[in-house]
Amino acid sequence: MTESKTIAIAGGGIGGLSAALALGIHDIPTHVYEQAEAFKEAGAGIGLGPNAMRVLNRWGLGQELREVGCAPDYLLARNARDARILGRLPMGQAFIEKYGASYLTIHRSDLHTILQQAVKKQSKTQFYLKHRLESVNLLAEGLDLKFKDSLEQHQAQVLVGADGLNSLVRSSIFSTDKPRSSGHCAYRALITLRDLPKGVDQDFIGIWMGSRLHVVHYPVRGGNYLNLVVLIESHEQQAQAGWDLVPSADKINADLKFALQACCNELQELIRRVEDWRCWCLFDRDPLQHASQMAQGRVALLGDAAHPMLPYLAQGAGMAIEDAACLAQHWQQSTLPAAQRLLNYANARWQRVSRVQQRARRNGSIYHAQGVMRMARDAALKLGGSQLMDMPWLYAG
Ligand SMILES: Cc1cc2nc3c(=O)[nH]c(=O)nc-3n(C[C@H](O)[C@H](O)[C@H](O)COP(=O)(O)OP(=O)(O)OC[C@H]3O[C@@H](n4cnc5c(N)ncnc54)[C@H](O)[C@@H]3O)c2cc1C
């Protein structure tokens, strides 16, 4: 049995590793329990807003991240049907000047590897792979943790649930409600630079807004790949969140190609370059309504375990990184009881993440608008342009 003064973190994703790193910076030791046999990140690209990048820069990871990521010069919004330009938001240097950091696009596994190496370098964290947390028992002075197919019993002073959308920590301590299926699917692919159609350069984020769909692409891996994501409203029943390893040709034809048939040639041409699609069914939860949804007694939630959101603001990982920094900051107040420190963390976080969850849902309906709403959206973007696309409340917050 391990000693009971540790902070246990369930989950070694971007959120769990960020928490271990942030606490380690303050010399606070942690135990990270990850169900997988090895650390890995599914999926492809991810966008990190300047809000998340400022935190990562403070943790000393900026240089390494920029070496494997890309800092696009601008965001270009276009109409998916006729390729009309709807708006352009300067990013690059403009974001550095305005928000103190660039917007970075990066392969998720590159981000995960850099976080992992940074945590290992600190030597403050003990990793337990193949440890799927199965039950949590609250004791007078701490917690008892049990794991699947194991007789081991670990004790901890507090537990941080960073165990994702279907969090066991959440369902054991907070609430057993299920995540909400949005009915939307994300099809994603990586296209190598040499396979790109002429004229698609690699220094911007492209977003194409259609009816009941949108498409996003941006460079990753130093600009050697284009990360392409097509987000559609599927007409198939979605049972489970997660990567559908390889969608069948029938599913691609019925779902993806059907949705894209009214799109412009430029977009069709890009789509034709894809060899392998992966598909993800999108789930979220209702926006948080109070701090007790993020911390109760000696247990706190972080990242998707606390506030899963639709990816339409590209902030799920960003919010997990901000959570981690905030948790470490409040945990340092060592004169306060443990439960109070966790509650202070939750109080500091829940309103901001709730707003991001709400805005992510709202963005989904704007990006996928139909009929008159679509025309109003396009006209507003044409008029408001960069002002409508920028989000100082989020990026500067
Ligand atoms: C299509 C798509 C695009 C996205 N794009 C962006 C973007 O551009 N920018 C952005 O910021 N975010 C984006 N996101 C959101 C982002 O991916 C997530 O918010 C982020 O990965 C959440 O990290 P997490 O560590 O909280 O959870 P997860 O990544 O789910 O990690 C949870 C970890 O816990 C482990 N685990 C689960 N249960 C247990 C258990 N019982 N015991 C032990 N371990 C357990 C899992 O194996 C996993 O390693 C996107 C999401 C999707 C679906």
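The values are calculated or read from the model by the stated rules, or taken from the named source; none is laboratory data. Keep in mind it's a predicted model, so treat the numbers as computed, not measured. Positions of Cβ are generated from backbone atoms using ideal geometry, with glycine treated the same way; all protein chains shown enter the neighbour counts.
If Ala38 meets every condition in (1) more than 17 Å from Cys326 (Cβ to Cβ); (2) hydrophobic (A, V, I, L, M, F, W, C); (3) touching a Ser or Thr at 6+ places or on another chain (Cβ under 8 Å) apart from one, which number is that one?
(3)
Suppose the filter is under 27 Å from Leu282 (Cα atoms), aliphatic (A, V, I, L, M) and over 16 Å from the mean Cα position of the chain (by Cα); does Ala324 pass it?
So Ala324 fails the test.
Do you know which of the residues in the range 275-300 that are of a type outside the set (A, V, I, L, M, F, W, C) and in a strand (DSSP E or B) is nearest to Gly142 (Cα to Cα)?
Gln296
Have a look at Ala380, Ala295 and point out the one that is without any contact (Cβ under 8 Å) to a residue 60 or more places away in the chain and either within 22 Å of Ala186 (Cα to Cα) or surrounded by 24 or more Cβ atoms within 10 Å (Cβ to Cβ) (or both).
Ala295
Do you know which residues across the range 67-91 are closer than 18 Å to Tyr395 by Cα and without any contact (Cβ under 8 Å) to a residue 40 or more places away in the chain?
Ala71
Select from the range 42-56 the residues that are at pLDDT 95 or above and in a loop (DSSP other than H, G, I, E, B) and list them in ascending order.
Gly49
Looking at Arg359, Arg349 in this structure, which one is part of a helix (DSSP H, G or I), within 25 Å of Met209 (Cα to Cα) and more than 10 Å from the ligand (Cβ to nearest atom)?
Arg359
From the list Ser167, Ser123, Ser172, pick out the single residue that is outside the structural domain of Ser234 (by TED's automatic domain parsing) and at positive phi.
Of Ser167, Ser123, Ser172, the one residue that is outside the structural domain of Ser234 (by TED's automatic domain parsing) and at positive phi is Ser123.
Mind listing just one residue for me: the one in the range 132-152 that is touching a residue at least 24 places away in the same chain (Cβ under 8 Å) and more than 15 Å from the ligand (Cβ to nearest atom) and, of those, farthest from Trp331 (Cα to Cα)?
The selected residue is Leu138.
How many residues does the range 90-115 contain that are within 11 Å of the ligand (Cβ to nearest atom) and within 20 Å of His31 (Cα to Cα)?
2
For residues that are near the ligand (Cβ under 10 Å from one of its atoms) and part of a loop (DSSP other than H, G, I, E, B), scanning just the range 153-170, find the one that is nearest to Leu17 (Cα to Cα).
Going through the qualifying residues, I end up with Ala162.
State all residues of the range 73-108 that are closer than 26 Å to Leu17 by Cα and surrounded by 17 or more Cβ atoms within 10 Å (Cβ to Cβ); if no residue qualifies, say none.
The answer is Tyr99, Ala101, Ser102, Tyr103, Leu104, Thr105, Ile106, His107, Arg108.
Within the group Ala324, Ala339, Ala305, Ala314, which residue is farther than 27 Å from Cys185 by Cβ, in contact (Cβ under 8 Å) with a residue 12 or more places away in the chain, in contact with a Gly (Cβ under 7 Å, 6 or more places away or on another chain) and within 16 Å of the ligand (Cβ to nearest atom)?
Sole residue among the options that is farther than 27 Å from Cys185 by Cβ, in contact (Cβ under 8 Å) with a residue 12 or more places away in the chain, in contact with a Gly (Cβ under 7 Å, 6 or more places away or on another chain) and within 16 Å of the ligand (Cβ to nearest atom): Ala324.
Among (1) in a helix (DSSP H, G or I); (2) surrounded by 14 or more Cβ atoms within 10 Å (Cβ to Cβ), there is one condition Leu145 misses while meeting the rest; what is its number?
With respect to (1) in a helix (DSSP H, G or I); (2) surrounded by 14 or more Cβ atoms within 10 Å (Cβ to Cβ), Leu145 is out only on (1).
Can Glu37 be described as of a type in the set (Asp, Glu), assigned by TED's automatic domain parsing to the domain that holds Leu310 and either surrounded by fewer than 16 Cβ atoms within 10 Å (Cβ to Cβ) or without any contact (Cβ under 8 Å) to a residue 24 or more places away in the chain (or both)?
yes
Output the residues belonging to the range 9-41 that are in a strand (DSSP E or B) and near the ligand (Cβ under 10 Å from one of its atoms).
Ile9, Ala10, Val32, Tyr33
From the list Lys121, Lys130, exactly one residue is within 21 Å of Val160 (Cβ to Cβ) and either assigned to a loop (DSSP other than H, G, I, E, B) or within 22 Å of the chain's Cα centre (by Cα) (or both). Which is it?
Sole residue among the options that is within 21 Å of Val160 (Cβ to Cβ) and either assigned to a loop (DSSP other than H, G, I, E, B) or within 22 Å of the chain's Cα centre (by Cα) (or both): Lys130.
A quick yes/no check of all residues on (1) among the hydrophobic types (A, V, I, L, M, F, W, C); (2) touching a helix residue (DSSP H, G or I) at 6+ places or on another chain (Cβ under 7 Å):
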site: Leu23; (1), (2): yes, yes
site: Ala44; (1), (2): yes, yes
site: Gly49; (1), (2): no, yes
site: Arg54; (1), (2): no, no
site: Asn57; (1), (2): no, no
